[in-house]
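*Asks:* This is the structure I have questions about; it appears just below.
The values are calculated or read from the model by the stated rules, or taken from the named source; none is laboratory data. Not measured: the values here are computed from a predicted model. Cβ: placed from backbone, ideal geometry, glycine included. Neighbour counts: every protein chain shown. Heads up: the accessible areas ignore ligands, DNA and RNA and are worked out on the full protein's heavy atoms, side chains in. Shrake-Rupley method; radii C 1.70, N 1.55, O 1.52, S 1.80 Å.
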Amino acid sequence: MTDPISRPGKIIAIHLSYASRADQRGRRPASPSYFFKPASSVGVTGGTVERPAGTELLAFEGEIALVIGTAARRVSLDEAWSHVGAVTASNDLGLYDLRANDKGSNVRSKGGDGYTPLGPDLIDARTVDPAALRVRAWVNGELRQDDTTAGLIFPLAQLVADLSQHFTLEPGDVILTGTPAGSSVIVPGDVVEVEVDAPDAPGAPTSGRLVTTVTQGETPFDGELGSLPAVDDLQRTEAWGSREEAGLPAGEERSDETKRPTLSPELRAQLLEAPTAGLSAQLRKRGHHSCFIDGVSVNISDRKIVGTAKTLRFVPFREDLFAAHGGGYNAQKRAFDAVEEGEIIVIEARGDATTGTLGDILALRAKVRGAAGVVTDGGVRDFDAVAEIGLPVFSQGAHPSVLGRKHVPWDVDVTISCGGATVQPGDIIVGDSDGVIVIPPALAAEVAAAAVAQEIEDAWIAEQVAAGHPVDGLFPLNAEWRARYEEATSDRSAADRSAGDRSAR
């Protein structure tokens with residue numbers, strides 16, 4: 001090993017890059033996405049990696065590592081490979097028990113000490129074809145992974161060129177280029193070996209076997225400092241590679257992107273209490289200005305909806321595509337058949353009100369499944385019947401056309417555009433008489449609490465205005481009025497506590 005690799009300035013890893021892995025996960029990205037790993041995670045051949053106490057899902061990932069040889073900044077695809085100095089083997093180890101709270105960033109799940117062993121030998125990048133490299137991994141002598149760079153979704157040179165658009169790749173930086181199918185869980189005592197080679201190149205250069213032994217940690221995580229490890233059947237399925245390998249009964253599998261969070265009863269209650277106007281104001285304070293699904297109104301007066309998004313995408317009508325995707329058990333039917341209790345089906349219809357995007361049968365199916373509602377930037381057929389079913393639907397209004405006039409049902413559980421807003425599966429949707437907004441899940445609790453607090457403050461301000469006070473200095477509260485408000489609310493809280501004490505006697 002060389003010094004730059006034993007302590008690289010940057011380690012950049014790609015989330016998903018092999019077709020075999022994408023097929024296993026049930027999703028194929030349109031573009032590469034990345035995360036960083038700390039230099040302290042680097043390990044060497046013959047070393048050990050600890051599975052922390054209280055965890056179960058440590059997984060290996062055999063990968064090809066690129067070591068940058070010369071600085072690269074905004075390089076073209078054609079010249080990108082010339083900036084790679086060497087190729088070697090890597091094991092992008094990860095702890096699925098810690099993925100929930102660091103989803104995407106992988107800070108804790110992939111950043112542990114020894115979680116990036118590299119080596120043992122370097123292959124001169126000038127001597128190999130980047131499209132003809134092979135990566136293999138063994139566990140206890142059994143071959144588990146065997147794939148080549150011909151199976152990549154994104155060529156190796158593309159990763160170098162893409163990353164160089166955003167920051168300088170410096171000599172010694174390491175790019176982990178993703179793992180093929182076959183990654184799985186390892187346990188204490190297991191020995192993992194990873195090798196990268198170029199079998200068709202002169203001399204068949206190889207990295208040699210990168211060997212790592214799993215040990216059992218004894219020190220548990222401190223729950224008072226941060227979230228503790230947690231696993232569920234989804235994490236077990238993804239860590240092991242399949243439900244069968246994880247020892248789970250056969251059933252419907254859902255990927256990370258389609259596994260949506262549920263709302264706690266407390267958060268749902270707060271969101272129901274807070275008006276969309278107040279929620280959107282709190283989002284704006286936090287820099288979110290594009291949260292509105294415009295142009296839609298509800299079919300049932302005074303109905304409010306709160307739930308997590310399940311998305312459905314229509315594409316413009318084309319005869320051959322509709323013949324292939326419009327009939328049978330299409331994406332539209334799958335969405336309404338799979339919606340879960342408390343979810344809201346959000347439909348991308350490109351803002352076209354001259355076609356129906358659902359009717360009474362699908363509305364009934366969603367109602368029976370426990371859906372909280374539907375939001376579509378298109379039209380609704382059987383409009384009155386849908387309202388009678390009792391399913392709240394925000395749309396551009398009624399239209400009698402059937403499927404096939406303007407749309408082809410295309411995909412479910414993908415990022416969509418609805419009414420000018422981007423909506424991802426799992427986003428929080430809130431709709432009332434003012435309209436519909438989209439709340440990123442990570443902000444929902446904070447925004448809801450702030451909106452409810454603001455509603456209480458606004459109600460007090462309204463009392464003062466009704467009593468004859470001018471709005472200047474009162475709305476919004478200046479320092480003097482703020483002091484009065486805090487005194488009044490403090491007195492009210494004390495009175496409420498006193499009344500509670502008396503009732504408890």
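*Asks:* Can you tell me how many residues in the stretch 265-307 are within 23 Å of Ala363 (Cα to Cα), assigned to a loop (DSSP other than H, G, I, E, B) and either under 25 Å from the mean Cα position of the chain (by Cα) or among the charged types (D, E, K, R) (or both)?
*Replies:* If we filter the stretch 265-307 for residues that are within 23 Å of Ala363 (Cα to Cα), which is where we start, we get 268, 272, 293-307.
Those left that are additionally assigned to a loop (DSSP other than H, G, I, E, B): 294-296, 299-304.
Okay, now just the ones that are also either under 25 Å from the mean Cα position of the chain (by Cα) or among the charged types (D, E, K, R) (or both), so 294, 302-304.
Matching residues across the stretch 265-307 total 4.
*Asks:* Is it the case that Lys333 is among the basic types (Lys, Arg) and either closer than 19 Å to Ile293 by Cβ or touching a His at 6+ places or on another chain (Cβ under 7 Å) (or both)?
*Replies:* No; evaluated as a whole, the condition is false for this residue.
*Asks:* Please indicate, with yes or no, whether at least one residue in the stretch 341-363 is out of contact with any Pro (no Cβ under 8 Å at 6 or more places or on another chain), among the aliphatic types (A, V, I, L, M), farther than 27 Å from His289 by Cα and open to solvent by less than 30 Å² (accessible area, probe 1.4 Å).
*Replies:* Scanning the stretch 341-363 turns up at least one residue that is out of contact with any Pro (no Cβ under 8 Å at 6 or more places or on another chain), among the aliphatic types (A, V, I, L, M), farther than 27 Å from His289 by Cα and open to solvent by less than 30 Å² (accessible area, probe 1.4 Å).
*Asks:* How many of the residues in the stretch 271-294 are open to solvent by less than 60 Å² (accessible area, probe 1.4 Å) and either of a type outside the set (Val, Ile, Thr) or modelled with pLDDT under 90 (or both)?
*Replies:* Total satisfying the criteria: 12.
*Asks:* Among the numbered criteria (1) touching a Gly at 6+ places or on another chain (Cβ under 8 Å); (2) surrounded by fewer than 19 Cβ atoms within 10 Å (Cβ to Cβ), which single criterion is violated by Ala467?
*Replies:* Checking Ala467 against (1) touching a Gly at 6+ places or on another chain (Cβ under 8 Å); (2) surrounded by fewer than 19 Cβ atoms within 10 Å (Cβ to Cβ), the one that fails is (1).
*Asks:* Can you name the residue in the stretch 102-161 that is without any contact (Cβ under 8 Å) to a residue 60 or more places away in the chain and acidic (Asp, Glu) and, of all such residues, is farthest from Asp222 (Cα to Cα)?
*Replies:* It comes out as Asp146.
*Asks:* Further question: If I ask for residues that are farther than 18 Å from Leu321 by Cβ, assigned to a loop (DSSP other than H, G, I, E, B) and open to solvent by 20 Å² or more (accessible area, probe 1.4 Å), which ones from the stretch 398-426 would you list?
*Replies:* Of everything in the stretch 398-426, those that are farther than 18 Å from Leu321 by Cβ, assigned to a loop (DSSP other than H, G, I, E, B) and open to solvent by 20 Å² or more (accessible area, probe 1.4 Å) turn out to be His399, Pro400, Asp413, Thr415, Gly420, Gln424, Pro425.
*Asks:* Can you tell me how many residues within the stretch 145-160 are more than 23 Å from the chain's Cα centre (by Cα) and under 15 Å from Ser33 (Cβ atoms)? Don't jump to the end; show me each part of the working.
*Replies:* First pass over the stretch 145-160, keeping only residues more than 23 Å from the chain's Cα centre (by Cα): 145-151, 155-158, 160.
If we keep only those that are under 15 Å from Ser33 (Cβ atoms) too, we end up with 158.
Qualifying residue count, the stretch 145-160: 1.
*Asks:* Have a look at Thr179, Thr212 and point out the one that is buried (at least 21 other Cβ atoms within 10 Å of the Cβ), assigned to a loop (DSSP other than H, G, I, E, B) and of a type in the set (S, T, N, Q).
*Replies:* Thr179
*Asks:* Considering the stretch 284-306 alone, what residues qualify as being under 19 Å from Pro425 (Cα atoms) and either in contact with a helix residue (DSSP H, G or I) (Cβ under 8 Å, 6 or more places away or on another chain) or of a type in the set (Asp, Glu) (or both)?
*Replies:* Residues satisfying the conditions are His288, Cys291, Phe292, Asp294, Val306.
*Asks:* When you scan the stretch 1-105 for strands (runs of 3 or more DSSP E) that lie fully inside it, which ones turn up with 2 or more residues that are polar (S, T, N, Q) and open to solvent by less than 20 Å² (accessible area, probe 1.4 Å)?
*Replies:* 84-91
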